[in-house]
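Contents: one structure, followed by commentary.
The values are calculated or read from the model by the stated rules, or taken from the named source; none is laboratory data. These figures come from a predicted structure and were not determined experimentally. Ideal geometry is used to build each Cβ from the backbone, glycine not excepted, and the neighbour counts take in all protein chains shown.
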Amino acid sequence: MRLTKFTDLALRAVMRLAVSEQDDFLTTREVAEVMGVPATHMAKAVTRLQHLGVLEARRGRGGGLELTGLGRQASVGWLVRELEGEGEVVTCEGDTPCPLRGACRLRRALRDAQEAFYAALDPITVADLVTSPTGPVLVGLTGHRPD
Ligand code: SF4
């Protein structure tokens, strides 16, 4: 099982915003910068997270991205499911569908394994992800925020 780059970017953003102080919100560009990813890619991830209710944007002076209460307590399993979508880990259908697709034990086993992967992430919250040692490292990544 391998996460898409999009999901990884979104999780990086969520973790960084989970350690933001009330008076120090970062913009999308700043989050992208401290997490070492292109701003255009991060913007797409931030938009999706806003639609999920995980983030909201504060406008005006001192504004920026803020994790919502839902986002802070969100299950990582739920979040990864939402970001990854309904796709399977193998391509059984499509332009050249596999002849076994209607009666394949491997397909069933892979679906079960995929669900087990998500289930392992279900008890973990976003807040859990930023406890030590991760949280202090994330805070240290804000040092070169532009004025
Ligand atoms: S062998 Fe099974 S799992 Fe693999 S592509 Fe075919 S239907 Fe899907």
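Quick notes on this one:
- Single match in GLU82, GLU21, GLU88 (criterion: acidic (Asp, Glu) and in a helix (DSSP H, G or I)): GLU82
- For LEU11, the test of being assigned to a helix (DSSP H, G or I), within 26 Å of PHE117 (Cβ to Cβ) and modelled with pLDDT of 90 or more is passed.
- Note on the stretch 72-106: residues that are among the small types (Gly, Ala, Ser), at pLDDT below 95 and more than 10 Å from the ligand (Cβ to nearest atom) amount to 2.
- Considering the stretch 67-84, and only residues there that are of a type in the set (Val, Ile, Thr) and in contact with an Asp or Glu (Cβ under 9 Å, 6 or more places away or on another chain), the residue that is nearest to LEU55 (Cα to Cα) turns out to be THR68.
- Close Cβ contacts (under 6 Å, 6 or more residues apart or on different chains) running from residues in the stretch 85-112 that are within 30 Å of LEU49 (Cβ to Cβ) to residues that are among the polar types (S, T, N, Q) and surrounded by 11 or more Cβ atoms within 10 Å (Cβ to Cβ) comprise VAL89/GLN114.
- For the stretch 32-62, the set of residues classified as over 13 Å from the mean Cα position of the chain (by Cα), more than 23 Å from GLY140 (Cβ to Cβ) and of a type outside the set (Ser, Thr, Tyr) consists of GLU56, ALA57, ARG58, ARG59, GLY60, ARG61, listed by residue number.
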